[in-house]
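Bear in mind these aren't lab numbers, they're just calculated from the coordinates by the rules spelled out. Computed from a predicted model, the values in this text were never measured in an experiment. Note that each Cβ is placed from the backbone with ideal geometry, even for glycine, and that neighbours are counted across all protein chains shown.
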Amino acid sequence: MLWGILAIIALAALFGLLLGLASVVFKVESSPVVDQIDALLPQTQCGQCSYAGCRPYAEAIAAGEAPINLCPPGGENTVQALADLLDVEVLPLEEEEEAHEGPIVAVIIEELCIGCTLCIQACPVDAIIGAAKQMHTVIESECTGCELCVPPCPVDCIEMVPVKQTITTWHWPEPQYDVNHTPAGNIFTTIDQVLAENAHP
Amino acid sequence: MFVAQSSPFLKPELSVSKMMLVVLLALIPGIITSVWVFGFGVLVNIVLAITFSLLFEAVMLYLRKRPVKVYLRDNSAFLTAVLLALALPPLAPWWLTLVGSFFAIVIAKQLYGGLGYNPFNPAMAAYAILLVSFPAEMTTLWTAPVMLGGHESLSLLQTLNYQLFNQLPEALTLDAVSYATPLDVVRTSVINGLASISEIRSTGHTFGMFGGIGTEWVNLAFLAGGLFLLKKGIIQWYIPVSMLATLGFFSLLFGSFELDSNPSPLFHLFSGATMLGAFFIATDPVTAATTPKGRIIYGAGIGLLIYIIRTWGGYPDAIAFSVLIMNMCVPLLDYYTRPRVYGHNVDEEQP
Amino acid sequence: MSISTHIQRLWSFPGGLKLDGRKQLSNEGPIESAEIPHLLEIPLSQHIGHPAEAVVKVGDTIKKGQLIGHAQGAVSAPVHASSSGTVTAIEERLVPHPSGLPALCVIIETDGYDRWDSCTPLISMDDPQHKNLHALSAEQITDKVAEAGIVGLGGALYPSAAKLETARKKATDTLIINAAECEPYITCDDALMRNRPEEIILGILLIKKIVGARYCLIGIEDNKPEAFKALSDAITGYERAIHEHCEQTIEIIQVPTRYPAGGEKQLIQVLTGKEVPTQGLPMDIGIICHNITTAATVYQAVYRGEPLVSRIVTITGGAIKKPQNMEVAIGTSIREILDQAGWDKSRVDKIIMGGPMMGFALPSIDVPVTKATNCILVSEPGELATPPPAMPCIRCSRCADSCPMSLLPQQMYWYAKARDLEKIQDYNIFDCIECGCCSYVCPSNIPLVQYFRYAKNEIWDDERERNKANLARERHEFRQERLEKMKKAREEAARLRKEKLAKKKAEEKQKAAGGDGEKLPASSHADLIQEAIARSKAKKAQQQAQKRNTENLTEAQQKQVDEAERRRKKR
Amino acid sequence: MSEYFLLLISTIFVNNFVLVKFLGLCPFMGSSRKLEVAAGMALATTFVLTLSSASSYLVNQYILIPLDIEYLRTITFILVIAAVVNFTEMVVHKTSPMLYQVLGMFLPLITTNCAVLGVALLNVQTGYNFFESIIFGFGAAVGFSMVMVLFASIRERLASADVPEIFQGAPIGLITAGLMSIAFLGFTGLDKGLH
């Protein structure tokens, strides 16, 4: 009986020694995973995930404190990408307020703006140009639609406008016409305008 | 809103149900010879299997809230039922066909999402489950081929009576009617070293002209049906040719130096359900590989596995297991056998 | 291996379809000319690359062929007025595009005179031996092509000048003229070859001169014998001119009729057996490919000085009374040319621009003809297919067998449906030329081409979003640094001020201590405050005093001051 | 030599560890959602299995038997396996951090993975010598990895199949594993036949 206990203790000590040695040989620096998660986030720095921007949210996910579905601007794609990266279940996105389809951009109504620079300080990506008592305007290409500039404005002159679709940004919708969900009405190319006209000119 | 149909706007008259119909057409010669050789049991099985399968399919589609009529008309459940029935022993009791159809349609196909999504061939999955769960019924209820003589062949009514109510006409016992298939005889005798090929041949009960007695004609009929399918372009040559070639090659290879314990290649090709497997089961497009190279490897794999299991394995006819095992490898095969796309690594072959 | 004078053999491309050409409907008869329309809507973006920028204003009177939009940036093309009249508006109008969205157009009300603007041809017509072609330099011709707003009329719409320019710089040894026209119904190239072959030959000579190619091959499908004969006769007709300017004569080769033989990559593979490297251009393998109509337009620009203002359009289909080819001014509404050709309105099923395989359904017929319009197909019921709802894919691989690029449409469809954008790029979706063969042969009627277009757009959108996100991150990080720097600067300043203050107080205390030695050294906190208050009160009083220096004012100044005082009180 | 080959064949195909003996199911079901992850897991398990099979034999032969404390076999085996797993965890963390992040939860799980402990105990039970136990461990690992990769490729394809709502995810995975094990039953009797 005594021998048994001694043997096990000796064995444990031996393995402990071996593992200590191995851990020195295989030292590992900071984990690059945070950068990979950060690369997937849309960088709107909007804080809707209750973290102070995308980087802190990425660190929270890497540390396992935050779930992967707190990012409304990223939407379904980001949740899917994060689920693929971390090989976890795809959690549905919490849709509290109505999700505006399509990207949105902030626009300053020139008549109302009093040049108070509050929105300039609020914008996380410096997308608003202007100076004290001068006219302010939003750089449309830089604005990420994070809506952080709307609350601080004292005269409420900032509106969120969906980006207009032009011929170059339009693209083919995903085909929906298969046997499981046939949409109402005729999907094919009978041009209703022409045929209606011709049927009873 | 103007919902656009994308090009192209030309379409030939073609649909999945037509394709399956042509496959059913190609099965008819094989069915007729089976009924002629093995008795009416085969026909009873087919009718039972079709009714059960269509019933299960309709119920599952209704439960999954999918348009029942559209999917029923695509004849895929119909084809699965016929293939399963042809694999079952002629005197199989009705509940065997019921369980088989249930597994084929509900478990192996509808649970995965219906037509096009099932990774395993439904008919073979059902056959394998039946073979494993009811070994007795699946191996002893085979009827003797009609040309053998000396065995009573049951009339339609008598077969129906047996299959539905398990009653035999008074004079007959089950042994008088049932019969060990050629493959089974060869396997049991060779594995346990009871008798060599020449001794079995002398009994005249097992070896016909070029394959197992009786089954050679059934295989020939299925071969004819298969060639018809090839000509109509419903299936490509890759899978049947590579499967039969591999099976023939290995039986030739091993047959050449141990002539007495390994049957000839022709015997392998024309006995059991080889031709049915090669042209109708392995070429099921949903569960087979899709790239030409992938299909050749898929067919060769099935041929090799058939030979291995038939010679050394525990089951006489290994079509079902080989197809299922190769079905498992299909996703990998499809990914790693992609053909060279126009313009990719082009420098060497540029004329 | 360079091609000798005559092609030893023809190669072939995998897959492809045997289609019923249905060209006999509209390939007989001359090229009609359409009447001058009442209204012209000329879109400013009829090419790949940056849209043209309008140079005319509302109210200007303009002549036919006058520049109304000049090119912007490297890859762009100018736009010209296709008839004389007055510019009534420059606004967004419906244009032929599957989206049904409007685009910026110049609206011209024609005056009916159709007066040409001053055209400056580079060579005069009456020069039988075409000697003076030598005098012309490649740059002159390319500039003329650019100035005339010529774009690839085969459907690619790439500005031809830019393409010719890059081809000239690279070692291009073969010029292929694409006259295959493999799409069913379309016969506009066929009509051009039959009626104006000499324009084509001279146009080809010009392009050959620009590009400096040694060989020139015209690829034509063998289902157009009359056009083949017309072109061969024209080549023999211009034998001497051809020998004058190039060592190898122009060869015209009949390729087997199989859709999509007219695809640029497929025609190159059939004629030369070479394959264009993926994501690369034919120029990478020393070949340049041009459509036959583009060659004729180059002729018109150089020999007649006319910019690209009109186009031959095939108007065909079951519902058209007399299918024909019509030379139409760009900007004419499609409704007008359909009325001219005569169409049976009660039997209209689909109205498609382009061929049935790669064309698109028009959102409405009040859209203008553009440089891309090669065919208007008005089908009667039953002529074109309205496929039933798509069934699930049974992976039968008929689509893979029919794909001319040997892709795997069934795998790409699977990943497009699952939105797995990495895997679909593994299957090389960007090599798909959207020819429609896979959708054609699919027994489950799955709209594969639409899935692939959708997948390509999703991938491009993803990339655009990725770049936008990276840019936003950089701006955010830069802002953080800036705020950091400002905070540090503020702290620095505060520290400096505090130091200065402390030093000053030390001196004062030291001075005060020096004055009356016995004062308590550590003056308590309260005394310090008292001193400060006293000091500020003194300062305020002193300011108060000399606030109003109004002692020695003149009489008038005094009145003014009282006046201001009264006003100040009143407010 | 053919006898070793036979042992290998029988461990990989005939009595496959996952599909016939039903050992090592939790990593099999847990980390087979994506192919790369499954391949990583298979590699790690192969490494651990072979190493622990060999070391458990040595410990048993030269420590337990001489001191005749065989009754402590299970505890010591678990100790050995834990050591080997920790060692593997460090190696994986160093070589591919991405795999480490993704496998994270499953690497320590291998310690209690019944396949690993199963191999060690079966080695002793069937009385394999040192070389045979390595072959047995390696065969078990290859069998496990092969089936794991095949299963992951099928599950990746099923991810976008039109599976009914309540069957999506694990249920359809279990059904597929069931069908795979029935397919593997085709190999039964192969080793007896080969003799």
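So how long is each side of the stretch D:32-86 along the principal axes, counting just the alpha-carbon atoms, biggest first, in Å?
46, 15, 15
Rounded, prolate or oblate: which fits chain B, taking a ≥ b ≥ c as square roots of the Cα gyration tensor eigenvalues, rounded meaning a/c under 1.5, else prolate when a/b beats b/c?
Values: a/c = 2.16, a/b = 1.28, b/c = 1.68.
It is oblate, given that a/c is not under 1.5 and a/b is not larger than b/c.
Any of B:Lys65/C:Lys456; C:Lys505/C:Lys537; B:Lys231/C:Lys229; C:Lys209/C:Lys274; A:Lys27/C:Lys487 with alpha carbons more than 28 Å apart? Name them for me.
Details: B:Lys65/C:Lys456 32 Å; C:Lys505/C:Lys537 19 Å; B:Lys231/C:Lys229 39 Å; C:Lys209/C:Lys274 24 Å; A:Lys27/C:Lys487 37 Å.
Cα-Cα > 28 Å for B:Lys65/C:Lys456; B:Lys231/C:Lys229; A:Lys27/C:Lys487; rest within.
Using only alpha-carbon positions, what ratio does the radius of gyration of the stretch B:181-336 give when scaled by 2.2 N^0.38 Å?
Values: Rg = 15.6 Å, N = 156, 2.2 N^0.38 = 15.0 Å.
For the stretch B:181-336, the normalised Cα radius of gyration comes out at 1.04.
For the protein assembly as shown, what class follows from the C-alpha gyration tensor (a ≥ b ≥ c being the square roots of its eigenvalues): rounded when a/c is under 1.5, otherwise prolate if a/b is larger than b/c, else oblate?
Values: a/c = 2.35, a/b = 1.21, b/c = 1.94.
Taking the square roots of the gyration eigenvalues as a ≥ b ≥ c, the protein assembly as shown is oblate.
What is the local net charge at B:Phe250, summed over the other residues whose Cβ is closer than 14 Å to its Cβ (Lys, Arg +1; Asp, Glu -1)?
Working: positive: B:Arg310; negative: B:Glu258.
For residues surrounding B:Phe250, the net value is 0.
I need to check one value: relative contact order of chain B, counting alpha carbon pairs closer than 8 Å and at least 6 residues apart, in percent.
Values: 505 pairs, mean separation 62.5, N = 351.
Across chain B, relative contact order equals 18 percent.
I want the local charge near A:Val34. Using Cβ-Cβ distances under 12 Å, sum +1 for each Lys or Arg and -1 for each Asp or Glu among the other residues.
Details: positive: A:Arg55; negative: A:Asp35, A:Asp38, A:Glu59.
Every neighbour counted, the sum reads -2.
What are the semi-axes of the equivalent ellipsoid for chain C, taken as the square roots of 5 times the Cα gyration tensor eigenvalues, largest first, in whole Å?
Numbers: eigenvalues 1043, 224, 151 Å².
Over the Cα atoms of chain C, the semi-axes work out to 72, 33, 27 Å.
Roughly how many Å is it from the Cα centre of the stretch B:1-66 to that of the stretch A:153-173, as a whole number?
Each part reduced to its Cα centre gives a spacing of 51 Å.
Quick check: the distance between the Cα centres of the stretch B:305-349 and the stretch C:32-70, to the nearest angstrom?
Using only Cα atoms to place each centre, the spacing works out to 61 Å.
Just how far, in whole angstrom, is the stretch C:132-147 from the stretch C:403-468 if you go by their alpha carbon centroids?
42 Å
Starting from the Kirkwood Rh over alpha-carbon pairs, what translational D in µm² s⁻¹ does the stretch C:225-267 have by Stokes-Einstein at 4 °C and 1.567 mPa s? Could the numbers behind the result be given before it?
Values: Rh = 12.2 Å.
The calculation lands on 107 µm²/s.
Kirkwood Rh and Cα-based Rg: tell me the resulting Rg over Rh for the stretch D:1-153, rounded to two decimals. Before the final figure, lay out each step's value.
Working: Rg = 15.1 Å, Rh = 15.5 Å.
Value, to two decimals: 0.98.
Which trypsin sites (Lys or Arg not before Pro) in the stretch C:312-419 pass both tests, a DSSP loop state and at most 14 other beta-carbon atoms within 10 Å?
Qualifying residues, ordered by number: C:Lys321.
Note down the nm distance, to one decimal, between modelled labels 7 Å out along Cα→Cβ at D:Thr95 and at D:Leu67.
Placing both labels 7 Å beyond Cα along the Cβ direction yields 3.3 nm.
What FRET efficiency comes out for the pair C:Gln558/C:Ser536, r = Cβ-Cβ distance, R0 = 41 Å, nearest 0.05? Present the calculation step by step, with values, prior to reporting the outcome.
Numbers: r = 33 Å, r/R0 = 0.81.
My answer for the efficiency is 0.80.
Which whole-number percent gives the relative contact order of chain D, counting Cα pairs below 8 Å spaced six or more residues apart?
42 percent
Among the trypsin sites (Lys or Arg not before Pro) in the stretch C:1-86, which ones are in a DSSP loop with at most 14 other Cβ atoms within 10 Å of the Cβ? Mind listing them? Provide the component values of the computation, followed by the final result.
On the way: sites: C:Arg9, C:Lys18, C:Arg22, C:Lys23, C:Lys57, C:Lys63, C:Lys64; in loops: C:Arg9, C:Lys18, C:Arg22, C:Lys23, C:Lys57, C:Lys63.
Passing sites in the stretch C:1-86 are C:Arg9, C:Lys18, C:Lys57.
Using all alpha carbons of the stretch C:49-147, what is the percent of pairwise distances in each 5 Å bin, ordered from the shortest bin to the longest?
For the stretch C:49-147, the pair-distance distribution reads 3, 11, 16, 18, 17, 14, 10, 7, 4, 1, 0.
From the Cα gyration tensor of the stretch B:92-195, with a ≥ b ≥ c the square roots of its eigenvalues, which class applies: rounded if a/c is under 1.5, or else prolate if a/b is larger than b/c, or else oblate? Please report the intermediate quantities before stating the final value.
Values: a/c = 2.84, a/b = 1.47, b/c = 1.93.
In terms of gyration-tensor shape, oblate.
Restricting attention to the alpha-carbon atoms of the stretch B:16-178, what are Rg (one decimal) and Dmax (integer), both in Å?
Both quantities, over Cα of the stretch B:16-178: 16.5, 54 Å.
If N is the number of residues in the stretch D:87-138, what value comes out of its Cα radius of gyration divided by 2.2 N^0.38 Å?
1.42
Can you tally the net charge around C:Val87? Count Lys and Arg as +1, Asp and Glu as -1, for every other residue whose Cβ sits under 9 Å from the Cβ of C:Val87.
On the way: positive: C:Lys57; negative: C:Asp60, C:Glu109.
That sum, taken over residues with Cβ under 9 Å, equals -1.
Please express the Cα-Cα pair-distance distribution P(r) of the stretch C:241-316 as a list of whole percents, one per 5 Å bin, running from 0 to the bin with the greatest distance.
Using 5 Å bins, I get a P(r) of 3, 11, 16, 18, 19, 18, 13, 3, 0 for the stretch C:241-316.
Which three semi-axes in whole Å describe the equivalent ellipsoid of the stretch C:31-361, each the square root of 5 times a Cα gyration tensor eigenvalue, listed largest first?
Semi-axes from the Cα gyration tensor: 31, 24, 20 Å.
List the GluC sites (Glu not before Pro) within the stretch C:238-272 that DSSP assigns to loop and that have no more than 15 neighbouring Cβ atoms inside 10 Å.
In loop regions of the stretch C:238-272 (DSSP not H, G, I, E or B), the sparsely surrounded GluC sites (Glu not before Pro) are C:Glu247.
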